[in-house]
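To start, the structure under review is shown below, and the notes come after it.
The values are calculated or read from the model by the stated rules, or taken from the named source; none is laboratory data. These figures come from a predicted structure and were not determined experimentally. No Cβ is skipped: glycine too gets one built from the backbone with ideal geometry, and neighbour counts run over all protein chains shown.
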């Protein structure tokens, strides 16, 4: 509640800009600290520690704990390890470094069950799996290697899924070998669209910034007010993918 924030220290993590902060009372405390690893395009806090080279906010938090000689308990290690695995795409994204694996090793030494954590992140319900199949079925692929798929509210309602559960389909187009960059667009209850950008090479975060969003070079989010803007979003992804192919000498 707003009263909980009175006189409080408020810390946001892994939250690049104010529209993404989950509780709109965040600025009602005495001091606001931002800990993040996205480009600092919205420096909204009183104090901040932002490292765009870090692959995960959880890695930054771990480094703080170690620097201050604070205990990393098993309970803490579960949360931090899960955060690193999730934010690095299971150590797949290019920001992943040797230090990331050193941190993962330190967290593993606390006795956490890394198999259970990986399964918890990877497991989907049967309905979520069907949504992934629908996303693949509805996907359109441009010859340059850009793809998009649109999930409508009717799709979610038929499967009894929420907007948040639709996130399970965001990585689905990337499983296609010839897809280099893609959008997964999810209709919101008000008819606007949540836009997910993902890429295997072409830089897309500057595109997201054009549509009330932002994020990492290869993983960003934005918004589209209608189908016209949806078309504009994808046309822009096609263009950067085409340029990427030209610069890297591919035949697409």
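Given 121, 114, which one is under 30 Å from residue 69 (Cβ atoms), out of contact with any strand residue (DSSP E or B) (no Cβ under 7 Å at 6 or more places or on another chain) and either crowded, with 19+ Cβ neighbours inside 10 Å or modelled with pLDDT under 95 (or both)?
121
List every residue pair whose Cβ atoms lie under 6 Å apart, where the two residues are 6 or more positions apart in sequence or sit on different chains, the first residue falls within the range 166-180 and is under 13 Å from residue 132 (Cα atoms), and the second residue, located anywhere, is assigned to a loop (DSSP other than H, G, I, E, B).
Partner pairs satisfying both residue conditions: 168/124; 173/139; 173/179.
Residues of the range 52-87 being within 29 Å of residue 28 (Cβ to Cβ), touching a residue at least 12 places away in the same chain (Cβ under 8 Å) and outside any helix (DSSP H, G or I), which ones?
Across the range 52-87, the qualifying residues are 52, 54, 56.
Residues being surrounded by fewer than 17 Cβ atoms within 10 Å (Cβ to Cβ) and either touching a helix residue (DSSP H, G or I) at 6+ places or on another chain (Cβ under 7 Å) or touching a residue at least 12 places away in the same chain (Cβ under 8 Å) (or both): count how many of those fall in the range 92-110.
Total satisfying the criteria: 7.
Under 19 Å from residue 198 (Cα atoms), surrounded by 15 or more Cβ atoms within 10 Å (Cβ to Cβ), in contact with a helix residue (DSSP H, G or I) (Cβ under 7 Å, 6 or more places away or on another chain) and not assigned by TED's automatic domain parsing to the domain that holds residue 206: does that describe residue 29?
No.
Which ones in the range 173-191 are within 19 Å of residue 208 (Cα to Cα) and in contact with a helix residue (DSSP H, G or I) (Cβ under 7 Å, 6 or more places away or on another chain)?
Hits for the range 173-191 are 179, 180, 181, 182, 183, 184, 185, 186, 187.
Just to be sure I understand the filter: pairs with C-beta atoms under 6 Å, separated by 6 or more residues or on different chains, first member in the range 18-37 and within 15 Å of residue 2 (Cα to Cα), second member surrounded by fewer than 16 Cβ atoms within 10 Å (Cβ to Cβ). Which pairs pass?
Filtered contacts from the range 18-37: 25/2; 28/2; 29/8; 30/7; 31/9; 31/46; 32/46.
Filter the range 32-41 down to the residues that are surrounded by fewer than 17 Cβ atoms within 10 Å (Cβ to Cβ) and either in contact with a helix residue (DSSP H, G or I) (Cβ under 8 Å, 6 or more places away or on another chain) or within 17 Å of residue 84 (Cα to Cα) (or both) and list them by number.
Scanning the range 32-41 gives a single hit, 41.
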